[in-house]
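The values are calculated or read from the model by the stated rules, or taken from the named source; none is laboratory data. All of these numbers come straight from a predicted model, not from anything done at the bench. All Cβ positions, glycine included, derive from the backbone under ideal geometry; neighbour counts span all protein chains shown. Each accessible area value is taken on the protein alone, full model and side chains, heavy atoms only, with ligands, DNA and RNA left out. Shrake-Rupley method; radii C 1.70, N 1.55, O 1.52, S 1.80 Å.
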Amino acid sequence: MPMSCYSSVTTVRLDAIKDAETPRVHSLPCEIEHDGPAEVSAYFSATAKERKHEKTVSFRGRGLKGQEVSCPKGYTGLILQEVHKPSSDQEDGVLKVSSVFNKFTYWNLDTPPSSDDGIVMAMSWPQVANAIHAPLED
Amino acid sequence: MDLSQFEADNSVSCRLTSPIPETCKTEDCCLGIDEAGRGPVLGPMVYGICFCPVSRKEQLKELKVADSKTLREDQRESLFLKLDEAKNFVGWALQILSPNTISTSMLQRTKYNLNALSHDAAIGLVQYALDSGVQLKEVFVDTVGPAAKYQETLSKRFPGVEVTVRPKADSLFPIVSAASICAKTWTRTTALDTRTVSFYPKTKSWLLRHLDPVFGYPQFVRFSWSTAQTLLESKAVPVHWDDDEEDGDKAAARQNNTSMLSYFSRGDSSGSNTHTHRFFTERKLQNLSSL
């Protein structure tokens, strides 16, 4: 699946999909200046609680409330990892699929997620896109 | 004592109670309130109440409850057992505020400070005693904050009960000493039972050594304490929340990732500057043209 960007080409290697991990994915309501491994299970998953369908956890001392969100029907979530980092914008880049997911937990600060939240609404885009790109019937 | 509720979920706030003595439901009673574990950056904070009939205050003195600060830990524990033995006329209840409760309350979007948190815990316990049928006439409270205002709040909240708020009340009124013994015994017990750090000295070096760059600390640390916050700010990776009060320019730059200079650059030939419809921005959807 090559994607053109200026004159270089970024290739996404999909062959790794079958070996890809299927971790539990969490979307947090903050920006963490970190890109790499983290002790998610020890510090986060292990402390998440679910009571009467309400998921709660805390991150850096702040209370979060969560909800499970499924990827749109027919779609799979991919986490890509750079295999080869281009040293200039002329050089091609290669990405591989490191993990796949079909659902994730979406966390909000203090308040429970609702259907008005961006990420939850975004999941309906493929359906909307299908509708607006479908041929017109008389 | 059954700690199972707290052990099952030590991230919340939990209440432990003794049975209510029958005499407390028929006779006029006094009640003392004290707190323990307010200061440390680790472990729970415990609010304790102890109550008995006004007519039996003297008997409480005979148990030799004294200001719990002047007691050794083993003395405190044996006094707690004595109080528990006097269950035909002495009742008690505790509210254990876990460190996670303290952190998440204080770091809410709408700030909930420690004073409000502890006042609410105290009010909740007094209300519990009233709801259980205790004939409350006198309430004595130990406080570290301004006494007069707190006394006024409590008096208004509990009409018909004579409220006395006093600094160092635990050395003045035996019923407050008794509450203090209950609270102090349980800060230690719960801290030990949850296998948190049972020693408070050298906390700072412990915090320094056990800092995870992403998550910071386990949940028994009070993240809202300045000791923890200072270390997180200097040693952990930065985390930005949408309600952070940061420097305007810096925040804007981070959120948009655009500098002024970008307006002078040639930009994407497809014209990335065309306005994206609200439908997409609200859903945080973006066109992907490069990875």
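Would you please name the residue that is least open to solvent (accessible area, probe 1.4 Å), looking only at residues in the stretch A:15-50 that are among the hydroxyl-bearing types (Ser, Thr, Tyr) and part of a helix (DSSP H, G or I)?
A:Thr47
Do you know which of the residues in the stretch B:106-120 that are open to solvent by less than 50 Å² (accessible area, probe 1.4 Å) and over 15 Å from B:Glu35 (Cβ atoms) is nearest to the other protein chains (Cβ to nearest Cβ)?
Across the stretch B:106-120, the extreme among qualifying residues is B:Leu107.
Determine if the stretch B:80-89 includes at least one residue that is under 15 Å from B:Glu35 (Cα atoms), assigned by TED's automatic domain parsing to the domain that holds B:Asp34 and of a type in the set (A, V, I, L, M).
No, the conditions are met nowhere in the stretch B:80-89.
Does the stretch A:60-80 contain any residue that is closer than 27 Å to B:Ser226 by Cβ and among the small types (Gly, Ala, Ser)? Please lay out each step first, then the result.
Looking only at the stretch A:60-80, we keep the residues that are closer than 27 Å to B:Ser226 by Cβ, and these are A:60-65.
Of the ones still in play, those that are also among the small types (Gly, Ala, Ser) are A:61, A:63.
Scanning the stretch A:60-80, I find at least one residue that is closer than 27 Å to B:Ser226 by Cβ and among the small types (Gly, Ala, Ser), so the answer is yes.
Could you tell me which residue of the stretch B:219-241 is farthest from B:Gly37 (Cα to Cα), considering only residues that are part of a loop (DSSP other than H, G, I, E, B) and either more than 7 Å from chain A (Cβ to nearest Cβ) or at pLDDT below 85 (or both)?
Among residues in the stretch B:219-241 that are part of a loop (DSSP other than H, G, I, E, B) and either more than 7 Å from chain A (Cβ to nearest Cβ) or at pLDDT below 85 (or both), the one farthest from B:Gly37 (Cα to Cα) is B:Ala236.
Select from the stretch A:11-33 the residues that are out of contact with any Pro (no Cβ under 7 Å at 6 or more places or on another chain) and within 11 Å of chain B (Cβ to nearest Cβ) and list them in ascending order. Working first, answer last.
Applying the first criterion (out of contact with any Pro (no Cβ under 7 Å at 6 or more places or on another chain)) to the stretch A:11-33 yields A:12-32.
Hits for the stretch A:11-33 are A:Val12, A:Ser27, A:Leu28, A:Pro29, A:Cys30, A:Glu31, A:Ile32.
When the residues of the stretch B:12-56 are narrowed to those that are without any contact (Cβ under 8 Å) to a residue 40 or more places away in the chain and assigned to a helix (DSSP H, G or I), which ends up least open to solvent (accessible area, probe 1.4 Å)?
B:Arg56
Restricting attention to the stretch B:121-160, which residues are open to solvent by less than 20 Å² (accessible area, probe 1.4 Å), closer than 17 Å to B:Thr26 by Cα and in a loop (DSSP other than H, G, I, E, B)?
Listed by number, the list holds a single entry, B:Val134.
Which members of the stretch B:161-179 meet the condition of being among the hydroxyl-bearing types (Ser, Thr, Tyr) and either in contact with a Cys (Cβ under 9 Å, 6 or more places away or on another chain) or assigned to a helix (DSSP H, G or I) (or both)?
B:Ser171, B:Ser177
Residue by residue, here is whether (1) in contact with a His (Cβ under 9 Å, 6 or more places away or on another chain); (2) modelled with pLDDT under 85; (3) open to solvent by less than 30 Å² (accessible area, probe 1.4 Å) holds:
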residue: B:Lys64; (1), (2), (3): no, yes, no
residue: B:Lys69; (1), (2), (3): no, yes, no
residue: B:Arg76; (1), (2), (3): no, yes, no
residue: B:Phe80; (1), (2), (3): no, no, yes
residue: B:Asn88; (1), (2), (3): no, no, no
residue: B:Trp92; (1), (2), (3): no, no, yes
residue: B:Pro99; (1), (2), (3): no, no, yes
residue: B:Ser103; (1), (2), (3): no, no, yes
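Each row is one residue, and each column tells you yes or no for (1) farther than 30 Å from B:Ser103 by Cα; (2) more than 12 Å from chain B (Cβ to nearest Cβ).
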position	(1), (2)
A:Ser45	no, no
A:Glu50	no, no
A:Thr56	no, no
A:Lys65	no, no
A:Leu78	yes, no
A:Glu91	yes, yes
A:Pro112	no, yes
A:Gly118	no, no
A:Ser124	yes, no
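If I ask for residues that are open to solvent by 70 Å² or more (accessible area, probe 1.4 Å), within 15 Å of the chain's Cα centre (by Cα) and of a type in the set (Val, Ile, Thr), which ones from the stretch A:75-124 would you list?
Of everything in the stretch A:75-124, just one residue is open to solvent by 70 Å² or more (accessible area, probe 1.4 Å), within 15 Å of the chain's Cα centre (by Cα) and of a type in the set (Val, Ile, Thr), namely A:Thr76.
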